[in-house]
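Worksheet: the structure to be examined is printed underneath.
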């Protein structure tokens, strides 16, 4: 077996001139034979190192970075909000799924955030329910059915909520507060359904998008 003619190289010769494949590659690409070999590190190791460097840089320059970000946001507020709106519109299902998964994996954090929101927006929430009660009263067109409606609410199973099949508050329709427009849903399903409407009486298309 012929050995590479380059000094201190013990690899097998792969050419008529006596070079191994390694030195043939270097010759073709005009790389000096004396130049040290630099081996690439695994991608994950490089990623971890870069992440550590970024974190250290952020901690050292936190105030400056936040100040610059704030200044940039104020100058480009309209463009940033427009891009966010477009992104949300194009990725609605993916965003809802991620939010749903996060809420499921962080129930205590969700409770804390809900509590903080209620304490900060007490007046807004109170006004919301005042307007909703007004709409419910407006949607109650059959006063003789009030006892039947009350019975549906009283018999609501534990852990379930009474929902209007066709929502009372929707930009395209106003459902009625009548027995045949009421159903039982779990809290999770009711929060997801909200005021969705698919222009059918059953209004069940929202179930296919969970």
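The set of residues in region 158-178 that are touching a helix residue (DSSP H, G or I) at 6+ places or on another chain (Cβ under 9 Å) and under 18 Å from residue 134 (Cα atoms) comprises 162, 163, 164, 166, 167, 168, 169, 174, 175, 176, 177, 178. For region 89-104, a residue qualifies if it is over 17 Å from residue 207 (Cα atoms) and surrounded by 12 or more Cβ atoms within 10 Å (Cβ to Cβ), and the qualifying residues are 91, 103. Restricting the first member to region 42-58 and to residues that are without any contact (Cβ under 8 Å) to a residue 60 or more places away in the chain, and the second to residues that are part of a helix (DSSP H, G or I), the beta-carbon pairs closer than 8 Å and six or more apart or on different chains are 58/65. Only a single item in (1) modelled with pLDDT of 90 or more; (2) over 30 Å from residue 188 (Cβ atoms) is not met by residue 47, and it is number (1).
For the subset of region 131-154 comprising residues that are at pLDDT below 85 and closer than 26 Å to residue 188 by Cβ, which member is surrounded by the most Cβ atoms within 10 Å (Cβ to Cβ)? So the residue we want is 139. Exactly one residue out of 127, 96 is at negative phi, within 14 Å of the chain's Cα centre (by Cα) and in a helix (DSSP H, G or I), and it is 96. The condition (being under 28 Å from the mean Cα position of the chain (by Cα) and part of a helix (DSSP H, G or I)) is satisfied by just one residue among 172, 203, 191, 195: 191.
As a summary of the residue check, residue 182 satisfies the conditions (1) in contact with a helix residue (DSSP H, G or I) (Cβ under 8 Å, 6 or more places away or on another chain); (2) closer than 25 Å to residue 104 by Cβ except for the one numbered (2). When 65, 83, 52, 104 are checked against the criterion of being in contact with a helix residue (DSSP H, G or I) (Cβ under 8 Å, 6 or more places away or on another chain), assigned to a helix (DSSP H, G or I), outside the structural domain of residue 193 (by TED's automatic domain parsing) and more than 28 Å from residue 175 (Cβ to Cβ), a single residue qualifies: 65.
The values are calculated or read from the model by the stated rules, or taken from the named source; none is laboratory data. Source: prediction; values computed, not measured. Because the Cβ atoms are built from the backbone with ideal geometry, glycine has one as well, and the counts that use them run over all protein chains shown.
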